[in-house]
Amino acid sequence: MELETIRHSAAHLMAAAVKKLYPETKFDIGPATENGFYYDFDMDHRLTVEDLAQIEKAMKKMLGGKVKFERFETTREEAQKLLADQPFKLERLADIPEGEAISFYRSGDFIDLCRGPHVESSAEIGAVKLLSVAGSYFRGDENNKMLQRIYGTAFATAEDLKEYLNRIEEAAKRDHRKLGTELELFGFSEQIGPGLVLWHPKGAMIRHLVETAWKEEHYKNGYQLLYTPHIGQSILWETSGHLDFYHDGMYSPMQIDEKDYYAKPMNCPFHIEVYRSRLRSYRELPLRWAELGTVYRYEKSGSLHGLMRVRGFTQDDAHIICTPETIEEEIAEVLRFSLYINRMFGFTDIKPYLATRPAKAVGEPERWAKAIDSLEKAVAKAGLECEVDEGGGAFYGPKIDLKIKDAIGREWQTTTIQFDFNLPERFDMTYIGADGQKHRPYMVHRALLGSLERFFGILVEHYAGAFPLWLAPEQARILPVSDKLVDQAMAIRDEMRKAGFRVEVDPQAAGLGAKIREARSARLPYIFVLGDREAAEGTLAVRSRREGELGAMKIAEIIEKMKYELENKVN
Ligand SMILES: [Zn+2]
Ligand SMILES: [Zn+2]
C-alpha cells in the first residue's frame, strides 16, 4: 500500500474524529504531504495539544474497528445537497470541472467529497500520530478566513512510525535556528527586517573558511573570480527579461539620477556585461567566471525559514561560456568539480536529478539535445545514475541538480548546473570562431553550494553544530586546572596560534568539571587539560571529540596531529 494513500486515508479518519467531538465543524480538505497529512477545519473552539490527544484516541478506536472506505458518485445537485452546510466543501465542489465525476467516500458515518484513492479498510493504516495544530488561510490566501490545520502522520507499521518520530526528534535537536542561537553563529533583527541574516563572529569565521576554501579550489580548477555591484539599471533587467518573467521575485526599484535601479536577483547579467566589454575569440574560451554574488529575492514572509529561505543571500555562482566543440568536456568537468566540493564538506551520498525540455521552451532543439546529451554523459562518466524529470526543465535550458544526504538521511539540494539558451540571445553574446565568423557561445550557470546561507544551515544540521576541525570557529580550548597555570596555558595557546590554529584558554577560576562541561557544550574538536604534571612535562591531556581521551601528548605532537586533520579536512 502506498504511504500517500495510507496518510490521506488517515486524514479522513481524523476528520471523522473531529466531527464526532465537534459536530459543528466546517471542513475544508485533508491531503497527504511529504511526511504525513493535514486537514483544515473551521470551528469556534480553539484546538489545543490536549484536544489532539483526544482526537488521536478517537482515531485509534476507528483503526481497531476496521472502518471500510466506500466510494459513491453523485450528480452535482445531489452533492450540493449533501454539502449544504459545508461552505468550504461547496467551494471545492465548484472547482470540479463540468463533466468530471463527483465522488464521495464514506468511512463509518463520515462522508467526504474526494477523488481518492484510499485504503479499503482502516486496518491497513498501521499507526497514526497527531503532531501539531496551526492557523492556515483558506486556499492559502490571507484575504480568506483563517482555518485551523491539524498536522499528523501515519505509517503502515508502528515500528515505521517510531523510527520517524525518532528522526524528527533528532532533527529538532539539530535545528540550525536553535543551534545558531545556542552557539552564537547567526541571527536576525526585527529592526533590520525578516529574512536578512546577521552573521555573528563564530558563524562569520565558518563562512570565511568556506569562502576561502571555495575560492582556492576555484582558482586551482581553472576559474577566475569576478566582483560585481548589487544593483543595476532597469535597462539591464529589461534586456535580460527578468523584469518580465522574474518580476515577482524582484524588489521595487530605487531612483538614482532619475533612473530606476534594481537590487539584483541574479548575477548573470553582470557577468555577461564583463563578457561583452570587448570582442571575444574562440581561442580564449572556455571562460569560467565565478563570484560569491549577493542577491536579493522577494519571498513571502510566511515562507521565510531560518537560513533555509531568506531574502538576501550570497550565491556561490559561476558562469561557463564555451564553444559547442568543448561543451561536453566542460560539463563533465563542472560535474566532477561539483561532486568534489560537496564531498569536501563531508557529503558523500550524492544523487543527480536531470530536468529536460518542457513544452514551452526557447533555443534550437539541436542545442537542447546536445546539452542534455552532455549532461547525461557527464553523469555516466562520474559513475552515477540520475533520475530524469522529463519536461521538467526551465524554458531556457536543461539542468542537473545534485541532492546530498545529511547525517540523518535527509535530502538537500545543493548544486545546480543550468544551461541557458535565453540570455546569450537577449544580450547577443558572440565570439569570433576559427572561420572568422561570429558564433553564439554556450552559457551554463552553476552554483555548487547553492547559497552560503542555506548551505551553512545544512552544515549546522548535518554536523549538529560539531564542526570538523577545519571548519570549527574554535578548534581547541586549553583548560588550566588552577590560576597559577593560566600564564603557561596562554603561552601554549600562542604557540598553537602561531602554528595556525584557533585556540582559546578558559581562564575562569571555576572547577575543572565545570570548565569541561562548558567546553563540551561548545562542541569543540579538542579540549586540552593543563594540570601540574602536564605543566612539568611540557604536555597537555588531550580529549578529542572524535576519538575520545588520548592521554598526555607533547605540544609538538598535538600540533602535528591537528595539522594532519586540517590538511586532509578530516570530517
Ligand atoms: Zn480522500
Ligand atoms: Zn546565472
Listed with the fewest Cβ neighbours within 10 Å leading, Asp389, Asp95, Asp420 appear as Asp95, Asp389, Asp420
Ranked from fewest to most other Cβ atoms within 10 Å of their own Cβ, Leu339, Leu21 fall in the order Leu21, Leu339
By the Cα gyration tensor axes a ≥ b ≥ c (a/c under 1.5 gives rounded; else a/b larger than b/c gives prolate, otherwise oblate), the shape of the chain is oblate
Yeah, segment 182-463 with a ≥ b ≥ c from its alpha-carbon gyration tensor (a/c under 1.5 is rounded, else prolate when a/b outruns b/c, oblate otherwise) is oblate
If each part is reduced to its alpha-carbon centroid, segment 90-147 and segment 246-277 end up apart, in Å, by 44
per DSSP, antiparallel bridges as share of beta bridges in segment 417-564, % nearest 5, sits at 65
Residue span Leu512 to Asp44: 0.36 nm per residue of separation minus Cα-Cα distance leaves a gain in nm of 162.8 nm
Contour minus Cα-Cα span, Met254 to His439, at 0.36 nm per residue, comes to 62.9 nm
Here the FRET efficiency for Ala380 versus Lys498, based on Cβ atoms and R0 = 45 Å and rounded to 0.05, is 0.40
With a Förster distance of 41 angstrom and the Cβ-Cβ distance between Ser277 and Asp389, calculated FRET efficiency to the nearest 0.05 equals 0.65
Expected unfolding gain across Ala552-Phe72 under the 0.36 nm per residue rule, minus the alpha-carbon gap, is 165.1 nm
Once phi for every residue in segment 178-191 is put through the Karplus expression 6.51 cos²θ - 1.76 cosθ + 1.60 (θ = phi - 60°), the whole-Hz ³J(HN,Hα) values, with Gly and Pro written as x, are 5, 5, x, 7, 4, 8, 6, 9, 7, x, 10, 10, 4, 5
Each label sits 7 Å from Cα toward the beta-carbon; between Met146 and Thr326 the label points are separated, in nm, by 5.8
Expressed in angstrom and rounded, the centroid-to-centroid distance over alpha carbons for segment 364-429 and segment 466-517 is 47
Label model pair Glu411, Lys220: point-to-point distance (7 angstrom along the Cα→beta-carbon line) in nm is 3.0
Ordered by fewest other Cβ atoms within 10 Å, a rough proxy for footprinting exposure, Ile168, Ile559 read Ile168, Ile559
Shape call for segment 516-569, from the Cα gyration tensor axes a ≥ b ≥ c (a/c under 1.5 means rounded, otherwise prolate when a/b beats b/c, else oblate), comes out oblate
Set Lys173/Lys405; Lys264/Lys438; Lys162/Lys403; Lys89/Lys173, cut-off 28 Å on Cα-Cα distance; pairs above it are Lys264/Lys438; Lys89/Lys173
Descending packing, highest mean Cβ count within 10 Å first, for 406-414, 304-312 is 304-312, 406-414
Nearest-0.05 FRET efficiency for Arg533 and Leu165 at R0 = 56 Å, using Cβ-Cβ distance, is 0.70
Any aspartates and glutamates whose Cα falls less than 12 Å from that of Lys145, other than same-chain ones fewer than 8 residues away, would be Asp28, Asp40, Asp42
Within the chain, the percent of DSSP beta bridges that are antiparallel, given to the nearest 5, stands at 85
Sorted by chain and number, the residues with a modelled amide H under 5 Å from that of Phe186, at a separation of 5 or more or across chains, are His200
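Since every read-out is calculated from the coordinates, none of them should be taken as a lab result. What you see is a predicted model; the values in this text were computed from it and never measured. Here the Cβ is made from the backbone with ideal geometry for all residues, glycine too, and neighbour counts use every protein chain on show.
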